[in-house]
Amino acid sequence: MDKTNIDSKPKFSSTAKLMHWGFVLLFIYALLKQIDDLNQLEDAALLRFEVIFAGVFVLLLLIRFVYMKTTQKSSLPDYSPKSQILAAKVVHSGMYICLALIPLTGLLIGLLFWLDLKDGFLIDIVVGAHEFAVSVIYWLIGLHILAALYHRLKKDGVWSSMVPFWSERITKSNNSTKEMDR
């Protein structure tokens, strides 16, 4: 296998890493603060907080998406199989879609609740879409983590391009070893 010089692959900027890990923390917070029952939205202060949180989340996601698409390149090695490149694109795109759908459907649930459409077909459909997006994001996050671990074990530089700990030791073609500092 003809391996491209790993040091020539782009590493993600500090801003990209901050956005990535910031979203991990923001998503964990969203999971911890989620409501248990729709009737909790009777509390106007909670409903207002949920709307503001969802709006900020979508805005930050949009900023992150634009930043990543316009300034960052994939850290997958040039010799990666096309199927792996496609899988990475599908998982990343799916994560962005789900991360947008979750708060957008949440906002729609809040609007329907505020309009006193608390029961019926329409809110059931929106709640179902919200729950489906949440279920899918769990699977996509799992695949994303498995892929990251795969690349860590493969020692191809992908792990160290985004993860600030457990740095890889890359074995180059001349059998010398270099600690990755990405």
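What follows is calculated from the coordinates using simple rules that are stated; it is not laboratory data. Keep in mind that this is a model prediction, so the values were computed, not measured. Counting neighbours? That spans all protein chains shown, and the Cβs are built from the backbone with ideal geometry, glycine included.
Some observations on this one:
- Taking the listed residues Leu117, Leu86, Leu108, the one that is surrounded by 15 or more Cβ atoms within 10 Å (Cβ to Cβ) and free of Cβ contacts under 8 Å to residues at least 24 places away in the same chain is Leu108, with no other qualifying.
- Filtered residues of segment 46-83 (kept if surrounded by fewer than 15 Cβ atoms within 10 Å (Cβ to Cβ), basic (Lys, Arg) and in contact (Cβ under 8 Å) with a residue 12 or more places away in the chain): Lys73
- If you go through segment 124-167 and keep only what is free of Cβ contacts under 8 Å to residues at least 24 places away in the same chain and of a type in the set (A, V, I, L, M), you end up with Ile125, Val126, Ile145, Leu146, Ala148, Leu149, Leu153, Val163.
- Number of residues in segment 30-45 that are closer than 13 Å to Leu111 by Cα and surrounded by 12 or more Cβ atoms within 10 Å (Cβ to Cβ): the value is 2.
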